[in-house]
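Remarks on the structure that follows.
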């Protein structure tokens, strides 16, 4: 990981500090000397210590600023989710000075709309990465603020394809989820719909077990429904559903089912009609795939 320090044109801290870094700047290709050390037990961000950053573009005020690549000592990073714009250290060595050509919006990169972007095709401010819309994103194709990862919509997400706020993991919709593919808020686990579930695949709230419809459950359910009929969870959990059941949803739900069905194999269709409680009527009602279509596929 590369760390940077941004100084004003007088080689002093941009927050008004009086320390002069001139004698610690590199000499040609030779790195500078370590700046005076501060004991690690006294370091506190925004209070005592030297601030460094991964995102030098977030601290630029004009093209006269000095952008330095540094090697920190006794580095302390904030562990909160999202973009951590700076860290504190006890000392650092300046490795080299970077010189960039800035456009009128202080962007580094190409095709940016907005200010202080590093990367390409960003719309907004202080983005690091490509194709971001919003502010202070790190990664690619983010919409919103302070996202770390790719394809996020919302704020302070860590991971990919999150929609909402403060999600950690991938494909979450909602707020403050930890895990994957959660819909709802404050879930820990995977594939939850609802709120404050600990566990997986719950629909409902405050469950600590798995696969519940309802709330405040601590033990796993013994039965569920398949094709509108009861089935034991032991049998259900042992089912391997045909692979064509998992498809990319297009504009029409039933059309997406049928396109996936048309592309599948005879073996997958045989696996379908062998599912416990299988019903042609229920299957057609949900998917639009008729008994005749299945029989044709089985020939």
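The values are calculated or read from the model by the stated rules, or taken from the named source; none is laboratory data. Because the structure is predicted, anything quoted here is derived from the model rather than measured. As a convention, Cβ positions derive from the backbone with ideal geometry for all residues, glycine included, and neighbour counts pool all protein chains shown.
The table below gives the values:
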| read-out | value |
| --- | --- |
| Any hit, segment 62-72, residues being farther than 22 Å from residue 115 by Cα, in contact (Cβ under 8 Å) with a residue 40 or more places away in the chain and touching a helix residue (DSSP H, G or I) at 6+ places or on another chain (Cβ under 7 Å) | no |
| Residue satisfying all of: in segment 166-188; within 17 Å of residue 79 (Cα to Cα) and at pLDDT below 75; surrounded by the most Cβ atoms within 10 Å (Cβ to Cβ) among these | 166 |
| Criterion violated by residue 154 - all others in (1) part of a strand (DSSP E or B); (2) modelled with pLDDT under 75 satisfied | (2) |
| Where residue 62 falls short, out of the listed (1) part of a loop (DSSP other than H, G, I, E, B); (2) more than 24 Å from residue 128 (Cβ to Cβ) | (2) |
| Hits in segment 1-31 - residues which are touching a residue at least 40 places away in the same chain (Cβ under 8 Å) and within 18 Å of residue 63 (Cα to Cα) | 4, 5, 6, 7, 8, 9, 11, 14 |
| From 229, 211, residue being outside the structural domain of residue 286 (by TED's automatic domain parsing) and at pLDDT 75 or above | 229 |
